[in-house]
1. Against the conditions (1) in contact with a helix residue (DSSP H, G or I) (Cβ under 8 Å, 6 or more places away or on another chain); (2) assigned to a loop (DSSP other than H, G, I, E, B); (3) of a type in the set (Gly, Ala, Ser), where does residue 49 fall short? Just the number, please.
2. Which residues, taken from region 62-101, are without any contact (Cβ under 8 Å) to a residue 60 or more places away in the chain, closer than 19 Å to residue 26 by Cβ and in a loop (DSSP other than H, G, I, E, B)?
3. Would you confirm whether or not region 29-42 contains a residue that is acidic (Asp, Glu) and modelled with pLDDT of 85 or more?
4. So, in region 46-87, exactly how many residues are of a type in the set (A, V, I, L, M), modelled with pLDDT under 85 and surrounded by 20 or more Cβ atoms within 10 Å (Cβ to Cβ)?
5. List the number of the failed condition for residue 36; all other conditions in (1) surrounded by fewer than 17 Cβ atoms within 10 Å (Cβ to Cβ); (2) of a type in the set (A, V, I, L, M, F, W, C); (3) in contact with a Leu (Cβ under 6 Å, 6 or more places away or on another chain) hold.
6. (1) buried (at least 16 other Cβ atoms within 10 Å of the Cβ); (2) more than 14 Å from the chain's Cα centre (by Cα): which one isn't true of residue 129, the others all being true?
7. Can you tell me how many residues within region 129-185 are in contact with a strand residue (DSSP E or B) (Cβ under 8 Å, 6 or more places away or on another chain) and basic (Lys, Arg)?
Amino acid sequence: MADFPYDLDAALAAQFARAFDVEGKVPRALEALGPIAGLDVVLVDGSPALFDRVTDAGARVTAVASTDRPALDAADGAADVVVVAWSRFSAATAEEVREAQRVLRPGGRLLVVHDYGRDDVSWLRGDLPAYGLWSRRDGPFLSAGFRIRVVHCFWTFASLEDAQAFVRAAFPETGEAVAAELKRPRLSYNVAVYHRTRGGPAAEPG
């Protein structure tokens, strides 16, 4: 699944897609910060599951694959909203922002989705820049005119045993310790949506 920062085989990826954000909080956050309903959205590296959820929210979605270059495979002014899902903007470089703004129409919105941390999932992944530096005022996003909304969602499984089996299989180095501590069939998962308007800092509430 290209848009999640986890290297999973097909079976685990399918299980993860079923477990991730069953409450639909991420697409609701994208709607609140975009909006996206009825608008043209370029989704960078979205998995089929996220593509379907954004489409179900009423957006007209064009999926674009990431490359090693900042350039996006989309025309100038092609989108009202650009959604970057986990794979890029790890540093929100000036080149990345300019390229996203090229694709956006005037007043368009750039929404960048990453892990936030301070949750159960961060136990599995260890100490990462996304869990600290990225969300600080002097970090790459807020210092570049982005604002942040944190979405408190979950990975929800059919049973505690299913949750434990998944984390053990998907995260062999850390999953055993986390599985032993689980008391319910879900893991807390906080998602950061960094957002700004084309041409300047976002003006909407964070």
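The values are calculated or read from the model by the stated rules, or taken from the named source; none is laboratory data. A quick note: this is a predicted structure, and the numbers were derived from the prediction, not measured. Cβ sites come from the backbone with ideal geometry, for glycine too, and all protein chains shown count toward neighbours.
1. Of the numbered conditions (1) in contact with a helix residue (DSSP H, G or I) (Cβ under 8 Å, 6 or more places away or on another chain); (2) assigned to a loop (DSSP other than H, G, I, E, B); (3) of a type in the set (Gly, Ala, Ser), the odd one out for residue 49 is (2).
2. If the condition is that a residue be without any contact (Cβ under 8 Å) to a residue 60 or more places away in the chain, closer than 19 Å to residue 26 by Cβ and in a loop (DSSP other than H, G, I, E, B), then 88, 90 are the ones that fit.
3. yes
4. 1
5. Failing condition for residue 36: (1).
6. Exception for residue 129: condition (1).
7. 2
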